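Quick note: the coordinates plus some simple rules give every number you see, no bench work behind them. The structure presented is a predicted model; accordingly, all values stated were derived computationally and were not measured. Positions of Cβ are backbone-derived with ideal geometry, glycine not excepted, and every protein chain shown enters the neighbour counts.
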């Protein structure tokens, strides 16, 4: 019996010697998250722009995506109203490995926008330089985006009136060594290739019969103002008079703003170009492979 007892003790010793106590569990790895901030006008904002689709469908869960674009704003009025300071505060938030700011203006900087227009030769590029400089000052990485094309046609050709503003954006990008997404050129080429009838599908509501007929000829006509006698699109509820205009679903047809199909299309376009022009962002981007 004593021999068996000694033998059992020896085996127990050997067992413990061969299997030391388990090490303490490893501390969880620190999340390496980044933030992407969008600023611009209605062609980037929710209810009319590509930004909502971009944030919802094209960034991974390791990127916080904040869409601070505001409808009706120019490069100047966005600063004057305080929206740029809000964006800078988002960029100042600690804890993120990288913070990128995508900047797209031009539509409301054009002449004929009371209280918003900026001078193309002086104010507009100066505002862009300010965005770049102040974004960098808080540790963010600016990316300039040329303005999304409008979808107006004449004789089968897109009437791209935003080219001078796109050129100004590219000049500032080159001057300040900032990545640039030439959305204007990409979107204009794509829209022209698909034609005016297909391009009308990117709007928030279907065109009127008159507008659709004109598009079929390759020359668009001015879209009539939306009226209350047209039924809401997609069985949407009627507007709630107790809510402010910005809280109402924006359901209209025009050649500038985007419905879901248009937002998805151009968000995928921006994402693919970001993956190429800003390789550092690629691990955070979900690029449409279709």
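Peptides 71-81, 207-217 ranked from most to least packed by the mean count of surrounding Cβ atoms within 10 Å: 71-81, 207-217.
As a proxy for reagent exposure, ranking 50, 100 by other Cβ atoms within 10 Å from fewest up yields 100, 50. Residues 138, 270, 97, ranked from the fewest to the most other C-beta atoms within 10 Å, line up as 97, 138, 270.
If each Cα of the stretch 126-170 is one equal point scatterer, what is log10 of I(q)/I(0) from the Debye formula at q = 0.17, 0.19, 0.31 Å⁻¹? Cα-only, vacuum Debye calculation for the stretch 126-170: -0.59, -0.66, -1.07. Listing 261, 141, 170, 225 from fewest to most neighbouring C-beta atoms within 10 Å gives 225, 261, 170, 141. Taking a ≥ b ≥ c as the square roots of the eigenvalues of the alpha carbon gyration tensor, the stretch 33-116 is oblate, as a/c is not under 1.5 and a/b does not beat b/c.
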